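*Asks:* Have a look at the structure that comes next, please.
The values are calculated or read from the model by the stated rules, or taken from the named source; none is laboratory data. Just so it is clear, the model here is predicted, and its values are computed rather than measured. Methodologically, a virtual Cβ is constructed for each residue, glycine included, from the backbone with ideal geometry; neighbour enumeration extends over all protein chains shown. Note: accessible area is taken over every heavy atom of the protein model, side chains too, but ligands, DNA and RNA are not part of it. Shrake-Rupley method; radii C 1.70, N 1.55, O 1.52, S 1.80 Å.
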Amino acid sequence: MTGAEPATDHAGVPDAFARLWTPHRMVYVGGQDKPDDDGEAACPFCTAPGRDDAESLIVHRGVTGYVILNLYPYNPGHLLVCPYRHVADLTELTDAERDEVGALTAAAMSVLREVSAPHGFNLGMNQGPAAGAGIAAHLHQHVVPRWGGDANFFPIIAGTKALPQVLGETRDLIAAAWSVAR
């Protein structure tokens, strides 16, 4: 991000809005990080556990699943709860996997309450491309912390979200809190 630019610096009719440039989002918007196929070898949720936690943004590893910071977060602290196994649908999980996804989701909420005091949460799974799943081949549960007023004009008018902390710092903060008494 290079900062805000006044509208008067650009051609056309000036308006009251500053422009906040977020070119890093174009990777997501353009789909450059989207897997070429639905197989495990190309799946970011299958390859992440094979890397260092800090590099892959993993905040906690469980027995059948893990918790990772979303690379393209809707809000600061947006976490994903993933089974290790490459399955696309909730009905494909074993009882143990479903139980751990639920337990990790609840623990993620507790940790986020400790580190960032959100006012609420959005929890959800997008099952299939038609439902909005960006990576439909590997099930993942979204845990999105919410604050009053976080749906301000940025995402509505500018299609931009202001994130006050870089992902590595957010990951370190959440991972440290997770390791305490859990």
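*Asks:* Around Phe121, under 14 Å between beta carbons, what's the net of Lys plus Arg minus Asp minus Glu among the other residues?
*Replies:* Its environment carries a net charge of 0.
*Asks:* Order the following by accessible area, largest value first: Val111, Val63. Probe radius 1.4 Å; ligands, DNA and RNA are ignored.
*Replies:* So, going from the largest accessible area down, we get Val63, Val111.
*Asks:* So what are the radius of gyration and Dmax for the Cα set of region 94-137, in Å?
*Replies:* Cα only, region 94-137: 13.1, 35 Å (Rg, Dmax).
*Asks:* Same structure, new question: Could you give log10 I(q)/I(0) at q = 0.16 Å⁻¹ for region 51-125, computed by the Debye formula over C-alpha point scatterers of equal weight, without solvent?
*Replies:* -0.59
*Asks:* Given the Cα-Cα distance of Thr94 and Asn122 and 0.36 nm per residue of separation, how much length would full extension add, in nm? Each step should come with its number before you reach the end.
*Replies:* Numbers: separation 28, 0.36 × 28 = 10.08 nm, distance 2.42 nm.
Length difference between fully extended and current span is 7.7 nm.
*Asks:* Another one. Would you pull out the residues with amide H under 5 Å of Val59's amide H, same chain only if 5 or more places away, H placed 1.01 Å from N?
*Replies:* The list, which skips near neighbours in sequence, is Val67, Ile68, Leu69.
*Asks:* Stretched out fully, how many nm does the piece from Glu40 to Glu55 gain, at 0.36 nm a residue minus the Cα gap?
*Replies:* On the way: separation 15, 0.36 × 15 = 5.40 nm, distance 1.91 nm.
Full extension from Glu40 to Glu55 adds 3.5 nm.
*Asks:* Counting only other residues whose beta carbon sits under 12 Å from that of Tyr66, what net charge do I get with K and R as +1, D and E as -1?
*Replies:* Within the 12 Å Cβ shell, the charges total 0.
*Asks:* Step through the residues of region 42-48 one at a time and calculate ³J(HN,Hα) from phi using the Karplus curve (6.51 cos²θ - 1.76 cosθ + 1.60, θ = phi - 60°), rounding each to whole Hz and writing x for Gly and Pro.
*Replies:* 9, 6, x, 7, 8, 7, 4
*Asks:* A follow-up question, please. Specify which residue in the list Ser110, Leu93, Val59 is farthest towards the positive end of the charge dipole of region 30-144, using unit charges on the beta carbon of Lys, Arg (+1) and Asp, Glu (-1), about the Cα centre.
*Replies:* Ser110
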